[in-house]
Structure formats: structure tokens, C-alpha cells
Amino acid sequence: MCGISGIYCFKDEAKKYKTNIENSNLALKSRGPDANGIFIDKNIGLGHTRLSIIDTSAAGSQPFHDSTGRYTLVFNGEFYNYRNYIDELLNEGVKLISSSDTEVLLYLLIKYGPKAIDKINGCFSFAFYDSHKNNCIIARDRMGINPLHYYKDEDKIVFSSEVKGILPYNVPKKINYVSLKTYLQLNYLPTNQSMLENFHKLTPGTFLVINQDGVQQKKYYSIPTPDFVDNQIEYKSAKNKLYELLDQAVERRMIADVPLGSFLSGGIDSSVITALASNHTKNLNTFSIGFTDNVYFDETEYAEIVAKKYNTNHTVFKVSNDDLLSELDNVLNYLDEPFADSSALAVNILSKMTRKKATVALSGDGADELFSGYNKHSAHLKASYAGAKEKLVSALNPMWKIAPKSRNSKQANLARQLNRFATGFNLSPSERYWFCASIGTEQYADRLLNRDYNKENYKNKKHLYINNNIDFKDLNSVLYTDLHLVLQGDMLTKVDLMSMANSLEVRTPFLDHTVVDFIAKLPATYKIDKTSKKKILKETFVDLLPPELLNRPKHGFEVPLLDWFKNELWLKIDNDLLKDSFIEEQGIFNINVIKSLKKQLHSKNPEDSAAKIWALLVFQTWWRKFYTE
């Protein structure tokens, strides 16, 4: 990956922003520590910071210009199948000066215009400028693997791989309270929302055409909707096709001129990727993270079984709670928009340690959303087609409500899950989905938020994800929504931020669009039933996986927030970021709700109070950085 940024002025010349462009590059340095460059012409200024992956020589540096000087490209990401088009360009007389995918993309854009995007198999964001037409195209990949933020007002549009690349232009920083309400529920922001007014995230699968007349947004790709499910495909044929497509996706992502490895957690997803990657290289480098202070979440023994089976060069990074805690300020300071998935702390330290031995890592991200890997998927299926057992669990909700609940032990987590199942049981399928996706309810967010917000705007944004056109009794509809909400807003954001903070590129074979297009069209019964999640994934690759992995319960990258907040971080909560006087002076939150959260944190039934307080700490750190520095 790299970092890109730019400005297009509707009225002025861009040369007045030269210092801003340079400062934007500085802000994006961790995304591209190997080189940087800027380009200014007429109304446009472009910046690029480079993480060298393919053609590490100076010939691959950006901004990249064609031989005539008319066209310029800044590119962040990977164009995995670029070699397929080299002969086509050479036969037309193009003289390539590098072996980089960027140069191939440049000449394809010159030849085909925006239709060239359809030819890219990869992850990317880019800006392509035509000096004769004085227009610019900015685009983002199909799945939203690579970010692209932009700010627009009547004078200009500014874009960047991260918000921190836009801020050097001294744009207004006004909080969007509709987005804040959403954040207080989800602990992250969906890809259609930003925490600041007039800031936007370019929708995955879209591009903008920018010229002096303004901006046009165009869609070039959509994930197949549940309406396109193919009920005629046989299960055996589907397994064979899945194997073929995923193996090809892994092979495409093995291309690199720098050390490459694979994350190996000990779960199904990363183990499948590691097994397939081992077919295409000898002694693959694999990396796992283990937790010395919490055996419940340590899966390294299973990762080592896979590593041994495939004879990988395996490295286990053993970290303590103190190691995670020591990275807290680094993670919080890197965020330029509130993001409160606490597992980002573990992904950060895994990325930091992996970067010492590799520049590129494969991962299993996306499989849970494609194949029904989350516990909430089983819960949703059981609630939609409830039998006597499910009805009994719902009826016993008064018992689950008083039982001690938290994420920190098997028993307390079970009580938490039973309570959430029973609470969501009587909701409509769409509202049950939103409830299962949330840490806090809408009522909680309304009580906590001490500011007015546009309720109609909030409703419209929420209903982009849950609306009457989506049948949430169909698990394919749940997965379709997960791909847009959870995957793009949470999982991919987390991996991009934490990997780029450490100058590590992460590649996601499951999100190859050929795999996504195929899996999205399979019947939901191929993916999940009442006894098995990820059914077709497990059964397709059963011969590649050690039997110990196949029926294990799912674990996430949990961090011990509850213990920290009761001990090491309590003063940071009570005497600093959530101090009564600070909350009152700030005027954003209801102090009584925060007092109740702090009280619940120390009770025998903490539930999700730690996750809610974490979201507040992340926001407060961000607010202080943005509004008091």
C-alpha cells in the first residue's frame, strides 16, 4: 500500500497549496516511508508516499507520468493481474520504463478511460489526471479494502488515503452529530459516514469525475444482491469452483519484490489461506500472536499445528497485557477519526512485529462476512426459525438479565450471549440485525448524547443498511449487509489503519471480487445451518486442515479492557478523559449516563460497559487532539 492525496480547485490555481500538499505527504509518511513526491498543474495538486512492493527501484516512484507528460497517476494499492496487459500495451507501441503495476494502470486508463477499472483485480485507490481536459478521476476498489476520504466545499475538493492527509488544508472541523450517534452504537462509523461535516468516504466500487464544473459520482461495481442467488448450482460443483477461485486469488496475491508472509491465527480462515499459499511457495513465512496473560484467547497452539503441517517458517509473537497497554497511546494518537474496535490494539502489535520480518502479509479477512462465521449469524438463523429451545431461551431472559455478563470469561460471555439472543428475539428481523451489530442501543445513544442531531438524516443513513427491501429472515441478506456495514466500516478499516501505521501491506484473498461474486450467489444453506457455520468453506478445504481446527469455537482478538479500566486506566477515566468537570465543560455528553457507566464497570454485572467506555475514551482522545491542540 501507499498514501495518496490531492486537491482540485474549482476557482484558484493549485500552486497556492504547495505547502499543504507537502504537509499532507508528511502526515501520510507511515503509509509510504520509502519515497514521496508531489505534482502541481493548473487546478490540481497531487501527493504520493510510497511503500515499495513491486519494482522497488526509482523507476516505480510516483506521481507517475506518461511519455507525453499529458497524464499523471498516483496509485495506492495493488493491481494483481497487471502482467496480463503488458503485451497488449507493448504491441501498441507503448514503451514501459518500469516493471510496476502503476505504469500499466496509467496506460490502460489512457486507452480505456474509467472502463479500465473493470480490468483491475486488486485493491486500490487512485487519482488520474488529464492535463488537456483539466479533469481528474479518483476511484476506490470494489470492496473498500483501500480507503479514500474527501472533503468538498464550493472552492475545492481535497482527497486523501486518510483524514490526516486532508487536515493540512486547514478545512473546518465541525462534528457531525448524526455520525456520533451512530458511532456510540456501533463503536465505529459505517463507510457512508464521517465524524466531520463535509467529509466523506468514497463509496467502494465508485469513482468521481472532477472538473471545473463540479463533481460527478459513478458506480462501476456492486456486490450481487440476494436476488441473484443461483439455486440451481449443485453443492459439489460449488465446492470445486470455490477451491479454484480462492486458489487463484491466493496465487495472484503472492506477487511481490519484498518479503511476504501470512497471518496465521489458528482459525479456519487464515489456515485455509496459509494452506493454499504453501502450494505456491516453499517455506512460507507465517506469523501468530499469542496472549501470555489470557489462555482463553490464545490460539497459538492451533496455529503451530497448521505451520507444522505445511512446514512454514513460523514465528509466534507472545505478548502480555502490559505489551498491549504500552501501545495504547500509539494507537489512539494514530487515529484521525474515532474507531473503537478494541481488537485494533492486537492487530497493531501483530502488524508491528510482522513488519520486522515481512513487508506484505496475507490474511483471512472477509471470510466471516462471506460464509456466516459470526455467532450472531447462528443466533439470527435460530431466532428467524425458532423452535422450542429458542423460545425457552427467550422466556428465560429475566434470568439472563441478572446473571453476571462480560466478555472476559467463558461463563460470563455465555450469559451475555444468551441475554443478547433473548433481547433480540422479539424484534423484527431488520431491527434484530441492527441490535446484534451494535454495542449500545439507539436509546442508550440518545440518553448519552447531549446535543441535537438531524433525526431524519440519521434515519435515512441507518436505513441504507436496514430497510424494507431487505429480507432479513434470509441469511444471504444478513451477509450482504455485513459486507457493506461490518466488513467495510469495521474490519477493513481496522486492518488498514493498524497495518499502515506500521508500514505493512495486508492482502485479503477472500475479497477477490471473483470469489465474492461467486459466494454471494450461493444459497444460504450452503453456508450455514443450525449445526454448522461456514459449512461450504470447511467442507471444501477439509482435506487441507488439521481436524483439530474444524469444530473449534470462534475467538476474536479480545483485549482485557475491563481489567485495565478497573486498574491501570482508572485514573485516565475518572480523573482525565471522563472527569466530571471535563464532561460538563465539553458539553457533548450527558454526565449522568457516564457516571452510571463508570459505576456499572465496577459492579458484579459489567456487561458491555467496558466497550462503551472504550468508545468514549477513543472519542475523547480524538476530540482533545482535534479541538484543543
Notebook entry, point to check: Seen from all sides and averaged, what is the projected area of the convex hull of the Cα atoms in the chain, in nm²?
Noted result: 27.2 nm²
Note to self: Taking the Cα centre as origin and putting +1 on Lys and Arg beta-carbons and -1 on Asp and Glu beta-carbons, what dipole magnitude results for region 189-328, to the nearest 20 debye?
What the structure shows: 580 debye
Notebook entry, point to check: Hey, what do the phi angles of region 545-551 turn into as Karplus ³J(HN,Hα) couplings, whole Hz, using 6.51/-1.76/1.60 and θ = phi - 60°, x for Gly and Pro?
Noted result: 10, x, x, 4, 8, 5, 10
Check: In the P(r) worked out for region 334-458, what percent of Cα pairs fall beyond 22 Å?
Finding: 55 percent
Note to self: Compute the distance from the alpha-carbon center of region 197-250 to that of region 415-465, in whole Å.
What the structure shows: 27 Å
Notebook entry, point to check: So, with +1 on the Cβ of K and R and -1 on the Cβ of D and E, and no other charges, what is the size of the charge dipole of region 201-261 about its Cα centre, to the nearest 20 debye?
Noted result: 120 debye
Next item on the list: Provide the FRET efficiency to the nearest 0.05 for the His65-Asn460 pair, computing r from the beta carbons and using R0 = 60 Å.
Entry: 0.90
Checklist line | Label-zone membership for region 491-531, site Asn313, 7 angstrom Cα→C-beta point, backbone N under 17 Å | finding: 505
Check: What FRET efficiency do you get for Ile86 and Lys604 if R0 is 45 Å and r is their Cβ-Cβ distance, rounded to the nearest 0.05?
Finding: 0.10
Notebook entry, point to check: Scaled to the compact-protein estimate 2.2 N^0.38 Å, what is the alpha-carbon radius of gyration of region 216-292, rounded to two decimal places?
Noted result: 1.49
Next item on the list: Quick one: of Lys29/Lys356; Lys119/Lys535; Lys459/Lys530; Lys201/Lys461; Lys494/Lys595; Lys42/Lys156, which pairs are farther than 24 Å apart, Cα to Cα?
Entry: Lys119/Lys535; Lys459/Lys530; Lys494/Lys595
Next item on the list: Could you tell me the convex hull volume per residue, in Å³, taken over the Cα atoms of region 1-93?
Entry: 109 Å³
Checklist line | Fully extended contour minus Cα-Cα distance, from Asn375 to Thr525, at 0.36 nm per residue | finding: 52.4 nm
Check: Just for the Cα atoms in region 48-130, what are the lengths along the principal axes, largest first, rounded to whole Å?
Finding: 30, 25, 23
Next item on the list: Describe numerically, in nm with one decimal, the distance between label points set 7 Å from Cα along Cα→Cβ at Asp153 and at Asp517.
Entry: 4.2 nm
Margin query: Given Cβ point charges of +1 (Lys, Arg) and -1 (Asp, Glu) and nothing else, what value in debye, to the nearest 20, does the dipole of the chain about its Cα centre take?
Written below: 1160 debye
Next item on the list: Starting from the Cα coordinates of region 255-333, work out the convex hull volume and express it per residue in Å³.
Entry: 115 Å³
Check: When the Debye formula is applied to the Cα atoms of region 211-250, each taken as the same point scatterer, what base-10 log of I(q)/I(0) results at q = 0.19, 0.32, 0.34 Å⁻¹?
Finding: -0.78, -1.01, -1.02
Notebook entry, point to check: Taking a label point 7 Å from the Cα of His280 along the Cα→Cβ vector, which residues of region 360-379 have an amide N closer than 19 Å to it?
Noted result: 360-367
Notebook entry, point to check: Label Thr225 and Ala395 with points 7 Å out from Cα along Cα→Cβ: what is the distance between them in nm?
Noted result: 4.0 nm
Notebook entry, point to check: Which value in Å does the Kirkwood hydrodynamic radius of region 48-193 take, with 1/r averaged over all unlike C-alpha pairs and then inverted?
Noted result: 17.0 Å
Checklist line | Share antiparallel - DSSP beta bridges, the chain, percent rounded to 5 | finding: 75 percent
Checklist line | Theoretical ellipticity at 222 nm over the chain - DSSP helices of four or more residues, -39500 (n - 2.57) apiece, nearest 500 | finding: -11000 deg cm²/dmol
Check: If the convex hull of the alpha-carbon atoms of region 424-489 is projected onto planes in all directions, what is the mean projected area in square nanometres?
Finding: 5.0 nm²
Next item on the list: Would you please give the residues with an amide H less than 5 Å from that of Thr286, counting only those at least 5 places away or on a separate chain, with H modeled from the backbone geometry?
Entry: Ser262, Asn313, His314, Thr315
Notebook entry, point to check: Given N residues in region 398-538, what is Rg(Cα) / (2.2 N^0.38 Å)?
Noted result: 1.24
Next item on the list: In nm, give the distance between the simple-model label positions of Glu568 and Lys625, each being 7 Å from the Cα along the Cα-to-Cβ direction.
Entry: 1.9 nm
Notebook entry, point to check: Given 37 °C and 0.692 mPa s, how large is the Stokes-Einstein diffusion coefficient of region 494-572 in µm²/s, with Rh as the Kirkwood radius over Cα pairs?
Noted result: 198 µm²/s
Next item on the list: With 30 Å as the limit, write out which pairs from Lys164/Lys566; Lys241/Lys410; Lys174/Lys612; Lys533/Lys598 have Cα-Cα distances beyond it, or answer none.
Entry: Lys164/Lys566; Lys241/Lys410; Lys533/Lys598
Note to self: Can you give the log10 of the normalised intensity I(q)/I(0) at q = 0.10, 0.17 Å⁻¹, computed with Debye over equal Cα scatterers of region 524-629?
What the structure shows: -0.50, -0.79
Next item on the list: Give the residue from Ser125, Asn450, Phe626 lying farthest towards the positive end of the charge dipole for the chain; charges sit on Cβ (+1 for Lys and Arg, -1 for Asp and Glu) and the dipole is referred to the Cα centre.
Entry: Asn450
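Here, each number is a calculation from the coordinates, and none is a lab measurement. Computed from a predicted structure; not experimentally measured. Because the Cβ atoms are built from the backbone with ideal geometry, glycine has one as well, and the counts that use them run over all protein chains shown.
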